[in-house]
There are 4 protein chains.
Amino acid sequence: MFRFLTAGESHGQCLTAIVEGLPAGLKIDVDLINKDLARRQQGYGRGGRMSIETDRVEILSGVRFGQTLGDPITLKVKNKDWDNWQERMSVTGDSVGPVFTAARPGHADLTGIKKYERTDIRDILERASARETATRVAVGALAKNLLNACGINVISHVTNIGGVTIDKTKLDYSSLSEIKSELNCYDPVAEMKMKERIDNAKELGDTLGGSFEVVVSGVMEGLGSHIQWDRRLDARLAAVMMSIQAIKGVEIGEGFEYANLLGSKAHDEIFIDGENKYYRKTNHAGGIEGGMSNGEVIVVRAVMKPIPTLMKPLASVDIATKKAVLANTERSDVCAVSAASVVGEAMVAIVLAEAILEKFGGDSIGDLLAAIKYYTTRINNG
Amino acid sequence: MFRFLTAGESHGQCLTAIVEGLPAGLKIDVDLINKDLARRQQGYGRGGRMSIETDRVEILSGVRFGQTLGDPITLKVKNKDWDNWQERMSVTGDSVGPVFTAARPGHADLTGIKKYERTDIRDILERASARETATRVAVGALAKNLLNACGINVISHVTNIGGVTIDKTKLDYSSLSEIKSELNCYDPVAEMKMKERIDNAKELGDTLGGSFEVVVSGVMEGLGSHIQWDRRLDARLAAVMMSIQAIKGVEIGEGFEYANLLGSKAHDEIFIDGENKYYRKTNHAGGIEGGMSNGEVIVVRAVMKPIPTLMKPLASVDIATKKAVLANTERSDVCAVSAASVVGEAMVAIVLAEAILEKFGGDSIGDLLAAIKYYTTRINNG
Amino acid sequence: MFRFLTAGESHGQCLTAIVEGLPAGLKIDVDLINKDLARRQQGYGRGGRMSIETDRVEILSGVRFGQTLGDPITLKVKNKDWDNWQERMSVTGDSVGPVFTAARPGHADLTGIKKYERTDIRDILERASARETATRVAVGALAKNLLNACGINVISHVTNIGGVTIDKTKLDYSSLSEIKSELNCYDPVAEMKMKERIDNAKELGDTLGGSFEVVVSGVMEGLGSHIQWDRRLDARLAAVMMSIQAIKGVEIGEGFEYANLLGSKAHDEIFIDGENKYYRKTNHAGGIEGGMSNGEVIVVRAVMKPIPTLMKPLASVDIATKKAVLANTERSDVCAVSAASVVGEAMVAIVLAEAILEKFGGDSIGDLLAAIKYYTTRINNG
Amino acid sequence: MFRFLTAGESHGQCLTAIVEGLPAGLKIDVDLINKDLARRQQGYGRGGRMSIETDRVEILSGVRFGQTLGDPITLKVKNKDWDNWQERMSVTGDSVGPVFTAARPGHADLTGIKKYERTDIRDILERASARETATRVAVGALAKNLLNACGINVISHVTNIGGVTIDKTKLDYSSLSEIKSELNCYDPVAEMKMKERIDNAKELGDTLGGSFEVVVSGVMEGLGSHIQWDRRLDARLAAVMMSIQAIKGVEIGEGFEYANLLGSKAHDEIFIDGENKYYRKTNHAGGIEGGMSNGEVIVVRAVMKPIPTLMKPLASVDIATKKAVLANTERSDVCAVSAASVVGEAMVAIVLAEAILEKFGGDSIGDLLAAIKYYTTRINNG
């Protein structure tokens, strides 16, 4: 049973996570975690705060001499600006500092203060902030350590920013590897235009959203199940993607385009080769049929809404005075889709790690790999 | 804690569900359950099997004299064709009847038999079939009984079939009520074209998918939470929608269209009226901000792939002989999007019931309604 | 993930359960289920109702031609007396028949009607009744089918009734097998005295409790875990045993006797034999150390309070009139410890099945057994 | 939904916990947490290590200006001896320092290394150590903050050490308050004898176990439920108590003594007073009937086995050489029952907090208290 909890406020002392259920004996590559933390912070269109952060993970438990013990793993990511915030975010003592009362549209602010009966919007925004995704990325990188040991590779790439879309005709999912570019975009022409659009939005004091794909190769057939709704791999993937701050849609394979297709053009016919191996020529399904991974590349797409904090602020209301005001401007990113794509990788990696551990069990990495090998041998010969 | 399990094979004796966590004293309208079961079976483009089914729920436990007791509720829906299947689907005895070996693309067939180590594809398809959604609809109708008592209304409507889309300009979400039409479509002009497209597909031996919306009005602010990924209402909605057979995408509010919008056009500004009541003029967010219901109408959209069993069958493989074959044709629906929309209602109702019970607790309907009243009074005066 | 829900009222139409997570391809012996259902109903000291019941399980889903499919399994046990109760327990219609208002001490009655805001105690007692354990026994028998396939044997025996205790000096746990006796007691001399004590209590219009042991042999080392409180096998065993109606205590191995022992007499020293195999000469720990099965016989003991419904009724209160009354007498068992011991077996079997499936995974019985074999070979050679 | 994970190794950098689900606006008394941490460390019969620890909690998230925010709370307890262990317990780098190979009877050692495929027993014992209970006590103290706000009081007292038992005749549960004594024992005469017994055991190089009670007053009627096995409050209490390291038995109310009682002496008759208030004169049931709190004082008892690490070591085996050896002696406590009693309080507090939040919901302490007030008013007038 793989499970985790994250904690921490955006300007608190640190972010933390406890992760449980990784088998013992798994080599943990801390650099891989830090690399993903850095990737989450980069991206054309990110504002000033990013530069002070340069997140680094600390592992406080569960790993010894570079290997998991089977114990719960504690991850900690310091908030670099804590020195400037320790009074305003103090655990103890009396309330100090300015109270935040101008609710920002598109955020948890207004609903949050009502639900949790607070008067300072900071009590909500600190946890609602996408800063929390740093811990998700760290947990996801632990999951990637496991997936890598199983021969599974999770990457992402940006497909649309502000209406500029990539040229999909050149996209070869089976050979896609980690992209080194400012917008995590495999198509350099589109990326150039995306940057222009970001520049324009910035000049207007405006923001942009977009969409990205998470692509998983090497995944074995049969993760997830059709036998109950909450065991379906696609349901779990949808949940984790939609759970990312500002994500408003998820699709798999053809996704919403399926609505426009005839059945005869929509499915992936099955063939058999000379070695009695089944294969498909297409992957409309995005690697999932019947709620299970079908052995093809998994393709999950998500859409991110434009960042709701604009330099040209939106109309809002002050919850203390009940007067109309302009929304506060706490952050100045123009576009964070490439960052979100890294978070998407992490969440997909978590779901796959969970599904693998549920299907194959094993308290040591050796037991797990043996079970995978037994199974893949069986189904390949079946 | 609201939870449920469904069970049953498509041609087995019956489908069942056990539902736990509804408060005691809730009046259960059995007709409402049967009405939704019937709605699930209707729809232009459904095939012959539908006519023999006319599902009716039996309640075997948990309800007495028309009210819940707080006990787990057992639901049963008989399979009307059981008489013809009892040998082939017998619980005991030796295997009889034809073995199903031609794997159908777009189904759980091929992966399922490998994962579960079966030789008869029927052992997989019986449970993977969308027939299972009858129990989801029944469970969802129980949830609707609760939601209705809380003043919440869940409806659905079809937005696209095979590329024919509705005219959204006339759509008023706040006044939308249950639609009586063959395709659950509020736009009669579009519906006529959808039926034509279905007729065309039928002639071709082909099938169609489409998309639909589930619309929730009357929901209180503050369901779900921003504080942990798996408590977000949008994440849960995404999971349940994607868990429906053949659903390949989910979006909320503007959904994938957000990718093309500027931030200044994408968010819902907040205003205050003469009675110090907050309001918004738009609902781009589809009723959810920060992972919580924000008091606006909730709008969730899903896409369904075309039915993968075509009268003009797809290329496939026989798993016994390892020879290329044409996929079997067990069912002859052309389009089931309107049915899926009813299932979508059910799954959304389940998530909302769960979120309400988690937030407000209460073992009796009286305690629950008192807690809701206390909360809504507090936040309206806050 | 093994999970199940039970449902059903004591005098309702039937009891049901849905059980999910058994691997596919497991042979299900229906007679084994019915045998345990019968064992639950027998026992010296049981009252009149038992004779009309003779429970039989019906499997409504999840099993085909005698094998599991990996699908959820629906179990149904009819209530034989339903004909006489269908009006008083009707799902629909208006309330009829006598309302039960005299709260019985030692039952859920008084608290239940307050918590669930009911006026008829029957609305509580129907579900609180130990009749519900019939479904647990049926689910447990499914679990035993799995355990038997893994070489694990779960039995029980009664150790104390009303103060008459067995002679433990002759008890050899390693050779203990299913007991055929009226009180499920391995010691015939003690059993004779227990029956006398039951006869005496019956004459007095009184009742008796007692204690029993569940004994598990053949269980592999390493089920459960020390790494988090809720993964400990002993914690799970304690929960399921205490969850049985009327059970008020659980202990493992020496149990409460540990309080009186010196450490040097309390632990099981470890030795090694000529074949480099570890062994212990004692089993004070009852097969569990560090929250894990240690390869020795698991011994769990539970205590049952005397049946709270006495023919010589206890003082109580009528909840309608608020007057003192004598408690009702709905049932006339004198002692049900041997029945409880069968339920104890079932709950222990469920925990072990769950722990095995969590540790070894596997969607087919073949995959599961291969994983167990790999592991046991590894640790025996380690 | 209240949930938490603990993490950390005994000689690692620190212990941590993440706790989620406490309502917002709850005042957190950090001194109360530290006081319980200190109580856990004290007790006659504890060895040398205790003196260097003096645990203090750090709150890293979820609390601001002394109040909960509704966010997950991160707790950290430093291991004071970390400076001396950082090489041997390093997260990174190559293995250094002595490898621990002499398996200790009564510990997780032997099974743990097999299950997790380790060669250094330290990889197991670090997490299996009762040091982990420091985080449970800290989490439990958070839960106590909530319970105190609800008028509920959880205390404990030691009832038996090494066979020396308290005089129960003077025990008045309703007036019992926190005990200030070296062994957390309310009976000074018994305590003196317990200390003598500890002294004797120490001289012999031996150890002792014992038993203790957790006593809860002020708890409202109706926590837990009879409707499904895993919702029963007694089942949950049994699980958490048995989950504590070295605990081998749990009982509620009369517990195992019930086996020896007649029904007429075993149950708590119900009476009604002049104000139409129900009352009982006895509390054999220990505050729980039908799986629910019944409004009486809750009394849960647990037994702890003697500490398995003896100065006069037990026979064991070296897992590397496969030779017989004497078990290692890493710690020199003689008796830790009073410490365990503090852990017991914590775990019981956690279960009650969870049950209250499940029953009453509420995202703010105000909403929660309003729901409790509504309910208690209703049932008192019912």
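The values are calculated or read from the model by the stated rules, or taken from the named source; none is laboratory data. Not measured: the values here are computed from a predicted model. All Cβ positions, glycine included, derive from the backbone under ideal geometry; neighbour counts span all protein chains shown. SASA here: full protein model, heavy atoms, side chains in, ligands and nucleic acids out. Shrake-Rupley method; radii C 1.70, N 1.55, O 1.52, S 1.80 Å.
Brief remarks follow.
- Taking the conditions (1) in a strand (DSSP E or B); (2) open to solvent by less than 10 Å² (accessible area, probe 1.4 Å) in turn, residue A:160 satisfies each one other than (2).
- Within the range B:108-127, considering residues that are touching a strand residue (DSSP E or B) at 6+ places or on another chain (Cβ under 9 Å) and touching a residue at least 40 places away in the same chain (Cβ under 8 Å), the one nearest to residue B:175 (Cα to Cα): B:127
- Scan of the range B:291-319 for residues that are among the small types (Gly, Ala, Ser) and open to solvent by 20 Å² or more (accessible area, probe 1.4 Å), ordered by number: B:295, B:315
- Residue check for residue D:322: open to solvent by 10 Å² or more (accessible area, probe 1.4 Å), of a type in the set (Lys, Arg) and part of a helix (DSSP H, G or I): no
- The range C:100-133 - residue that is part of a loop (DSSP other than H, G, I, E, B) and over 20 Å from residue B:61 (Cβ atoms) and, of those, farthest from the other protein chains (Cβ to nearest Cβ): C:101
- Tally, over the range C:350-380, of residues that are of a type in the set (S, T, N, Q) and at positive phi: 0
- Selection of the range D:270-284 for residues being more than 7 Å from chain C (Cβ to nearest Cβ) and under 27 Å from residue C:244 (Cβ atoms) yields D:280, D:282, D:283, D:284.
To keep it simple, each residue is scored yes or no on (1) facing chain D (nearest Cβ under 7 Å); (2) within 29 Å of residue C:338 (Cα to Cα).
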residue: C:246; (1), (2): no, yes
residue: C:249; (1), (2): yes, yes
residue: C:258; (1), (2): yes, yes
residue: C:268; (1), (2): yes, no
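- Elements of type strands (runs of 3 or more DSSP E) contained in the range A:199-292, each with 1 or more residues being farther than 30 Å from residue B:200 by Cβ and touching a residue at least 60 places away in the same chain (Cβ under 8 Å): A:210-217, A:247-252
Here is a yes/no grid of residues against (1) touching a strand residue (DSSP E or B) at 6+ places or on another chain (Cβ under 6 Å); (2) closer than 15 Å to residue B:77 by Cβ; (3) at pLDDT 95 or above:
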position: B:5; (1), (2), (3): yes, yes, yes
position: B:12; (1), (2), (3): yes, yes, yes
position: B:15; (1), (2), (3): yes, yes, yes
position: B:18; (1), (2), (3): yes, yes, yes
position: B:23; (1), (2), (3): yes, no, yes
position: B:26; (1), (2), (3): yes, no, yes
position: B:33; (1), (2), (3): yes, yes, yes
position: B:43; (1), (2), (3): no, no, no
position: B:56; (1), (2), (3): no, yes, yes
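- The residues of the range A:142-154 that are out of contact with any Lys or Arg (no Cβ under 8 Å at 6 or more places or on another chain) and on the phi < 0 side of the Ramachandran plot, listed by number, are A:142, A:143, A:144, A:146, A:147, A:148, A:150, A:152, A:153.
- Residue A:46 meets the conditions (1) without any contact (Cβ under 8 Å) to a residue 60 or more places away in the chain; (2) over 30 Å from residue C:232 (Cα atoms); (3) under 23 Å from the mean Cα position of the chain (by Cα) in every case but one. The failed one is (1).
- Matching residues in the range B:134-167 - criterion: being of a type in the set (D, E, K, R) and within 14 Å of chain A (Cβ to nearest Cβ): B:136
- Filter pass, residue A:140 being touching a strand residue (DSSP E or B) at 6+ places or on another chain (Cβ under 7 Å), more than 30 Å from residue B:373 (Cβ to Cβ) and of a type outside the set (A, V, I, L, M, F, W, C): no
- Search result, residues across the range B:293-319 that are more than 7 Å from chain A (Cβ to nearest Cβ), part of a loop (DSSP other than H, G, I, E, B) and among the polar types (S, T, N, Q): B:309
- Some residue of the range C:142-156 being without any contact (Cβ under 8 Å) to a residue 40 or more places away in the chain, in contact with a Gly (Cβ under 8 Å, 6 or more places away or on another chain) and either open to solvent by 10 Å² or more (accessible area, probe 1.4 Å) or not in a loop (DSSP other than H, G, I, E, B) (or both): no
- Pick from the range D:168-185, criterion touching a residue at least 24 places away in the same chain (Cβ under 8 Å) and in a helix (DSSP H, G or I), ranking: surrounded by the most Cβ atoms within 10 Å (Cβ to Cβ): D:173
- Residue-level analysis places residue B:365 among those that are within 14 Å of chain D (Cβ to nearest Cβ), closer than 13 Å to residue B:150 by Cα and touching a Pro at 6+ places or on another chain (Cβ under 8 Å).
- Residue within the range A:186-194 that is at the interface with another protein chain (Cβ under 10 Å from one of its Cβ atoms), part of a loop (DSSP other than H, G, I, E, B) and modelled with pLDDT of 95 or more present: no
- Selection count where residues are farther than 23 Å from residue C:110 by Cα and open to solvent by less than 20 Å² (accessible area, probe 1.4 Å), scope the range D:246-270: 5
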